[in-house]
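This report refers to the structure that appears directly beneath it.
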Amino acid sequence: MSDGNQPPASLKVVGTRPIRPDGVDKVTGRAQFGADFHLPGMLTGRIKRSPHAHARIVKIDISAAEKRPGVKAVVTGADLDVGAGGDIEAGEHAAAMKDVAANCLASGKVFYQGHAVAAVAATSPEIAAEALDLIEVTYEVLPHVVDVDEAMAPGAPVLHDDMFTKGVTPKPTKASNVAQKHVMGRGDVAGAFAAAEVVVEGRYTTAAVHQGYIEPHACVAAWGADGQSTIWCSSQGQFLVRAMTARILNLPLSDIKVIPAEIGGGFGGKTTVYLEPVALALSRKCGRPVKLVMSREEVFLASGPTSGSSMDIRLAATKDGKITAAEMTLRYQAGAFAGSPVNLGCMTAFACYDVENLALVGYDVVSNRPKVAAYRAPGAPMAAFAVESAIDDLARKLKMDPIDLRILNAVKDGAKTVYGATVRYSAFIETLEAVKAHPHYKAKLGPGQARGVAAGFWFNIGGESSAAVHVDEDGGATVVSSNPDIGGSRASMAMMAAETLGLPIERVRCTVADTTSIGFSGSTGGSRVTFATGMAVVEAAQKVVADLRRRAAQTWECDIAHVEWKDGVATCLDPSKDAKPLSLKALAGKSAKTGGPIAAEVSLNAQGAAAGYGVHVCDLEIDPETGRTTILRYTAAQDVGRAIHPAYVEGQLQGGAAQGVGWALNEEYVYNSNGLLDNASFLDYRMPVASDLPMIDTILVEAKPNPRHPYGAKGVGEVPIVPPLAAVANAISAIVGQRMTSLPLSPAKVLAAMGGG
Amino acid sequence: MSRTVVNAVVNGEPVEFLAGGGQSLLDALRDELRLTGSKEGCGTGDCGACSVIVDGRLVCACLMLAPEAEGKRIETIEGLADNGHLHPLQHQFLEHAALQCGFCTPGLLMASKALLDRNPDPTETEVRYWLAGNICRCTGYDKVVRAVMDAAADLRQEGKSK
Amino acid sequence: MSGVEYLSPGSVAEAVRALQVDGARVMAGGTDLLVQMRIGRTKPKLVVDLKRIPGIAGIREEDGAFIIGAAASGAALGEHEALRKAWPGIVEAANLIGSTQIQGRASLGGNLCNASPAADSVPALIAAGATCVIVGPNGEREVPVEAIQVGPGKTTLANGEVLLAFRLPKRAAHTGDAYLRLIPRTEMDIAVVGAGVCVTLDASGKCIAARVSVGAVAPTALLVEAAGAALVGSSLDDAALTNLEAAVAAAARPISDKRGTAEYRTKVAAVLARRAALIARDRAQKDGAKA
């Protein structure tokens, strides 16, 4: 499952597969997720939501609800105080806080079915439900629009009368649903197309899809009489929840303590707030703790998803297959408020390839859908679907092997990306070659079967992180992480600390701290935790080692330069001293005599994150009479730098591939003619189940460890969702005999294309 | 709202709790008995995160009324380990890294236990179809299926050595 | 779900009495009812759980006929050797309803009385010629399965009536049944289309009786008599199967919704009916070989 590059022999822990420190809690039911907290006197909160896709709120009458015995608080948008708003950095995007507040509780207008308009806290779930019915909201229903192309068309209902397209000069005089136009490019695109020997083009669409985490959003908020409050919640960032909640309720940060619960999946969807400010506003009104938990229907209606898109693409190439120019227009749904990841779509679209002439235009378009949230490599999978489909077209036209064509055009270190970064430490070509050499790529296909190949890119980020390493009195160590552990990061944190300290992994434990117990950290997102927080862990461990060496030198009365630290033991290299080696345990045991407790905390802003590249191969077949697709074999390869815990890295590749397969085949938001979501359930929002998938083989390419990380790690979590859309679609297109351009490739769509029936 | 007293055996222990007529077994387990290991992912029987075993049958606790539990034997994730000793399924899930966020894990483990109680030597296809009601969004199921197959082998071995 | 009362009567009479109360709802497996309660589509005042009525969750054989209790779970059907051997189509249809977890609870009675046009077991039961034993304030009656559903969520059961059991007739020699459905995934979906077929052959392999029923292509599962007629007298050759497909397509009057378009449903109903017919024929032939 690895490319054969063994980690350096000096590494004892990194690269092994120990059991995660929080494992037993997770398999015994002991782990506490967002909805598992219970406080004395706790009330049940519920949220009243819009039944309309688009409406003006004429009046909200909460008086009857407030009078209902057992109802302790009712809040509306008027209870929020976001003031001037401003932005808060949320990892891969900046969140406009006025919009986040208006998304938590509507102000003036509702922009989608399920938009929150009021909330109650009551002594029982039954009373809370009754109270919702007692809140009377008078709406003036407005025309709605849910399709991205329709939302851009002249005459479309305009959601925000103060939205004048940014990025256009002069500033438009009329409000529209286009929040922003992004333009990027280089070279002489028109000239390159004029000189092109081959041109391929197409129009592609993808449906809005949800992150689909199994744990619905949940929190408990408790306001204190002194104004200090505590929030327990499952999120991808306790500091982000604190910042957003404080801003929306106009409170000082230090008065809010956010305790991260275990998080039941996020995939980007838990990098914002929906419930926490509302729960705290309710708690502030009645002085009792309030629990708010979304139902699955609420999760679909009012959280996530990511953008549906429509895209036009043209590629120019030589007859040898060198891509000389590309032109692409991307239109992404933002949902109710500005902020689709279309800029990231533009940036990533051709990031795998060295294309001299590029012209990219992206439109960020609002419509009457829930505001999009980050979803694993936000913006990249849709763009890659179009690009990798077009490249597949090119390969077919030129009768070239799709991997050879990609190798020919692959970026190499030193190349400039369209967004200005220089490619460094990349192993894209090595990844393509690893796939080509894999038995899967050489395996014969059966009759009626086809194979699809596609690549994908993600930036991966670094950024602000904090971590502490505490040496325990018995010589073990505790790592304090600042990031919610969404997929096993406590294991990799503990492993990197153990490696650095020279301890066996069993002697290192890891915990995730609340906002008062560790320095600030950005969210768990952007594939940054193993890289950035890992760097903080290693630096803290290195500080501890330096301290241990100092203490050994002090004990031996020798120069610290003569103290070697290896495998958790200090050895005196000064031949004039007759000093017995001192183990960590020995040093920890007498720490009081050598300067007190041994611990270090590091806060840093990690630079040098390396991008990741993935290549996926998918074999499938189609029932020609029903159009149903069966995935037969799947292999995901990725440039991972160095895998700290290979099993969890493989898991990222497998999970991303599965989500991508769902995106390609069945997942979609289905709206009816009233702009209401028709499939807000797991029954009809069809995510892959165990019997839908084969084993997912992985190739971890460790050809280029990231030299900017102490153990060579690159982010791995997001890349794997980028290639599958086109890998699946390319295989289906091969069987159907025509380019399939619209996701999801549901049985009906495929059968129609096959002319079946 | 009238509530009735329900007597059941949960993880081998007799329990008594009050249940509303429309309350789900899941809510009773979580809110009355504070057994929060069973999770609610959907409340409509579509995700399996609340899987428990009732009188030997695997069910979604969200699709059973709490008063129906009267006189029943209920097994939840909290009872899977035996006096602190992990069940082979729990052990193999950890060994294989068959969980990432861990939210669906209790349900997957209970569903897998119900499978292995019936079929000690399932094929990969049997495992996949049996577990189709347990959605996992993190793992892509690969490691989950391997863990269940290996736990089955462990249990067969254990059976032989007994 | 506030203010809901729960009752689990120990006798049919008690259940019938309870169900005459306004706002009372029958519960068998509960896998549909609890979902509807959860999403607020139904707000019963009283839930009458049938499962403690003796025999209602059982399966028994009487002179070659099978009596399947209305609340027998899918899992119980699947574990019943003799039933599986005699009526594999019905058992496979029942076992397609939902996940393993749902199988532990969902019943044929609930699947029929919930009256979804897409209920998996209904076309299979209709194709097999099953009947329903119903008890109510005015006594007992027995009607064919196809007489129960009248539209989505609507049945011909009167106030206070309880479906007690299904009766599957003694199977004629050389008879086989089969059920197929189309869902986009491999599990966990509601049928986009379903088709149940039951055929009886003579000793020479010619079809002497056939019933074809399709689901999710009309407000109720349809018994397509013309489709059955297309098979009778044939050895299920290509011409007969083409006629079967045409008859099914002609009978189908589906809607387009989130689960499929009308056009797609019509096409696939015909395909599935043909495939199910061939499986039923193979089973009928094997049945003959053993006899």
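The values are calculated or read from the model by the stated rules, or taken from the named source; none is laboratory data. The shown structure was predicted, so the numbers you read here are calculated from the model rather than taken from an experiment. A quick note on method: Cβ atoms are made from the backbone with ideal geometry, for glycine too, and the neighbour counts reach across all protein chains shown.
Brief remarks follow.
- Among residues of region B:5-16, those that are more than 13 Å from chain A (Cβ to nearest Cβ), outside any loop (DSSP other than H, G, I, E, B) and in contact (Cβ under 8 Å) with a residue 40 or more places away in the chain, counted: 4
- Counting only strands (runs of 3 or more DSSP E) wholly contained in region A:591-710, the ones carrying 1 or more residues that are more than 8 Å from every other protein chain (Cβ to nearest Cβ) and in contact with a Leu (Cβ under 7 Å, 6 or more places away or on another chain) occupy A:612-622, A:629-639, A:696-701.
- One residue stands out in region B:118-127 among those that are within 14 Å of chain C (Cβ to nearest Cβ) and touching a Leu at 6+ places or on another chain (Cβ under 9 Å): the one that is surrounded by the fewest Cβ atoms within 10 Å (Cβ to Cβ), namely B:E126.
- Within region A:270-329, considering residues that are β-branched (V, I, T) and assigned to a helix (DSSP H, G or I), the one nearest to the chain's Cα centre (by Cα): A:V299
- Restricting region B:94-108 to residues that are buried (at least 23 other Cβ atoms within 10 Å of the Cβ) and either among the acidic types (D, E) or within 14 Å of chain C (Cβ to nearest Cβ) (or both), the residue that is nearest to A:E215 (Cα to Cα): B:C104
- In the set A:P747, A:P720, only one residue is touching a residue at least 60 places away in the same chain (Cβ under 8 Å), closer than 30 Å to A:G462 by Cα and assigned by TED's automatic domain parsing to the domain that holds A:A437; that residue is A:P720.
- When each of A:A246, A:A218 is tested for being small (G, A, S) and out of contact with any Phe, Trp or Tyr (no Cβ under 8 Å at 6 or more places or on another chain), the lone residue that passes is A:A246.
- Residue within region A:736-744 that is away from chain B (no Cβ under 14 Å), in contact (Cβ under 8 Å) with a residue 60 or more places away in the chain and under 28 Å from A:G526 (Cβ atoms) present: yes
- Annotation: of all residues in region C:96-116 being among the aliphatic types (A, V, I, L, M) and within 14 Å of another protein chain (Cβ to nearest Cβ), the one that is surrounded by the fewest Cβ atoms within 10 Å (Cβ to Cβ) is C:L96.
- Pair list, Cβ < 7 Å and 6+ apart or interchain, from region C:239-260 residues that are away from chain A (no Cβ under 14 Å) and of a type outside the set (S, T, N, Q) to residues that are part of a loop (DSSP other than H, G, I, E, B) and surrounded by 14 or more Cβ atoms within 10 Å (Cβ to Cβ): C:A240/C:S234; C:A247/C:V224; C:A251/C:V224; C:R253/C:V217; C:R253/C:A218
Per-residue answers, yes or no, for (1) polar (S, T, N, Q); (2) crowded, with 24+ Cβ neighbours inside 10 Å; (3) free of Cβ contacts under 8 Å to residues at least 40 places away in the same chain; (4) closer than 27 Å to A:S673 by Cβ:
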site: A:K322; (1), (2), (3), (4): no, no, no, no
site: A:A325; (1), (2), (3), (4): no, yes, no, no
site: A:Y332; (1), (2), (3), (4): no, yes, no, yes
site: A:F337; (1), (2), (3), (4): no, no, no, yes
site: A:A359; (1), (2), (3), (4): no, no, no, no
site: A:A373; (1), (2), (3), (4): no, yes, no, yes
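- Filter result for A:A570 (touching a Ser or Thr at 6+ places or on another chain (Cβ under 7 Å), crowded, with 23+ Cβ neighbours inside 10 Å and either outside the structural domain of A:I721 (by TED's automatic domain parsing) or of a type in the set (F, W, Y) (or both)): no
Condition check ((1) aromatic (F, W, Y); (2) surrounded by fewer than 24 Cβ atoms within 10 Å (Cβ to Cβ)) across all residues:
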position	(1), (2)
A:G641	no, no
A:V649	no, no
A:W663	yes, no
A:Y671	yes, yes
A:D678	no, yes
A:D692	no, no
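- None of A:V241, A:V199, A:V209 is under 20 Å from A:A383 (Cβ atoms) and either assigned by TED's automatic domain parsing to the domain that holds A:Y419 or under 18 Å from the mean Cα position of the chain (by Cα) (or both) except A:V209.
- Residue identified as among the small types (G, A, S), under 22 Å from A:I735 (Cβ atoms) and touching a residue at least 12 places away in the same chain (Cβ under 8 Å) among A:S426, A:S389: A:S389
- Pick from region A:326-382, criterion acidic (D, E) and in contact with a strand residue (DSSP E or B) (Cβ under 6 Å, 6 or more places away or on another chain), ranking: farthest from A:R186 (Cα to Cα): A:D364
This table checks each residue for (1) in contact with a strand residue (DSSP E or B) (Cβ under 8 Å, 6 or more places away or on another chain); (2) modelled with pLDDT under 95; (3) away from chain C (no Cβ under 11 Å); (4) assigned to a loop (DSSP other than H, G, I, E, B).
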site	(1), (2), (3), (4)
B:E68	yes, no, no, no
B:Q92	no, no, yes, no
B:M110	yes, no, no, no
B:Y129	no, no, no, no
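- B:I74 surrounded by fewer than 24 Cβ atoms within 10 Å (Cβ to Cβ) and part of a strand (DSSP E or B): no
- Candidates in region B:19-50 are the residues that are in contact (Cβ under 8 Å) with a residue 40 or more places away in the chain, more than 15 Å from C:R105 (Cβ to Cβ) and within 15 Å of the chain's Cα centre (by Cα); of these, the one that is farthest from the other protein chains (Cβ to nearest Cβ) is B:L29.
- Subset of region B:131-162 that is touching a His at 6+ places or on another chain (Cβ under 8 Å) and of a type outside the set (A, V, I, L, M) - its residue that is nearest to the other protein chains (Cβ to nearest Cβ): B:K143
- Residues satisfying the stated conditions in region C:166-192, i.e. assigned to a loop (DSSP other than H, G, I, E, B) and within 15 Å of the chain's Cα centre (by Cα): C:P169, C:I190, C:A191
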